[in-house]
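To start, the structure itself, in structure tokens.
Where a number appears in this text, it was derived from the coordinates with a stated rule and is not lab data. Fair warning: this is a prediction, and the values are worked out from it, not measured in the lab. Here the Cβ is made from the backbone with ideal geometry for all residues, glycine too, and neighbour counts use every protein chain on show.
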């Protein structure tokens with residue numbers, strides 16, 4: 001069985017604080033995740049005009065939505081420090097990219113990137129991301145089949161993530177069997193699952209369904225300020241998630257005749273006449 005790649009998404013849960021980032025990287029490394037992930041965007045380009053001057057109440061005072069987005073966005077100095085801290089902790093990292101400038105920026109650090117669900121219809125962005133990266137991931141939240149097909153045809157991603165873009169997602173709207181649909185429809189692609197639901201239970205079955213990438217948002221505390229915190233996994237939960245995934249992988253075995261293990265043979269000698 002292919003070893004599942006586990007992505008701990010820090011996203012914007014750092015609230016612009018590098019101390020929080022370092023702690024979350026440490027947590028992901030201790031839990032033995034494969035990657036930590038961020039989100040990279042140019043707010044001037046990515047925030048819709050209708051939203052730029054909308055008032056926003058924040059822990060740093062009242063400001064416009066555009067000012068808030070700039071407040072939590074990292075630049076070169078911060079990402080240099082992030083890159084160094086990840087290297088020290090021996091964990092890989094990358095970011096979802098929201099605009100072409102961010103694709104170019106992130107290519108200075110990594111050769112893997114992800115197109116978020118909101119942006120898979122941006123042809124130029126997807127093509128640019130494909131050109132600049134060895135591995136391209138996309139998410140399918142908020143999309144219908146025709147839109148997903150268009151993106152796949154446009155940029156030939158390596159990994160397609162099933163996701164529900166509601167934060168948090170309702171269990172009865174997760175439709176985990178869509179993973180099987182994607183595997184059958186795109187047999188030459190790896191299929192992933194990006195979860196935004198409460199808890200861990202509904203993430204575990206995605207391994208048996210065939211997901212080879214798992215992504216969950218992480219936080220130090222779900223009560224922290226921020227739009228993504230409530231749907232995120234706290235440190236103890238992340239450790240449980242990784243261990244659970246590895247246990248499921250080791251338990252799956254092979255398709256074929258029943259295997260009689262040595263431990264059972266000993267029991268057989270005790271119990272069978």
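Shape class of the stretch 1-146 from the alpha-carbon gyration tensor: oblate, with a/c at 1.5 or above and b/c at least as large as a/b.
With an 8 Å Cα cut-off and a minimum separation of 6 or more residues, compute the relative contact order for the stretch 97-173 in percent. Relative contact order of the stretch 97-173: 29 percent. As a length-normalised measure over Cα pairs under 8 Å and 6 or more apart, the relative contact order of the chain settles at 19 percent. Every pair of different Cα atoms in the stretch 148-209 enters the Kirkwood calculation, which places the hydrodynamic radius at 12.3 Å. Residue exposure proxy: 173, 190, ordered by other Cβ atoms within 10 angstrom of their Cβ from fewest to most, comes out as 173, 190.
With neighbours defined as other Cβ atoms within 10 Å of a residue's Cβ, the residues 70, 85, 196 order from fewest to most as 70, 85, 196.
Taking the inverse of the mean reciprocal distance over all distinct Cα pairs, the Kirkwood hydrodynamic radius of the stretch 5-271 comes to 19.7 Å. Packing around the peptides 112-120, 134-142, taken as the average count of other Cβ atoms within 10 Å per residue, puts them in this order, highest first: 112-120, 134-142.
Each of 215, 100 has some number of other Cβ atoms within 10 Å of its Cβ, and from fewest to most they run 100, 215.
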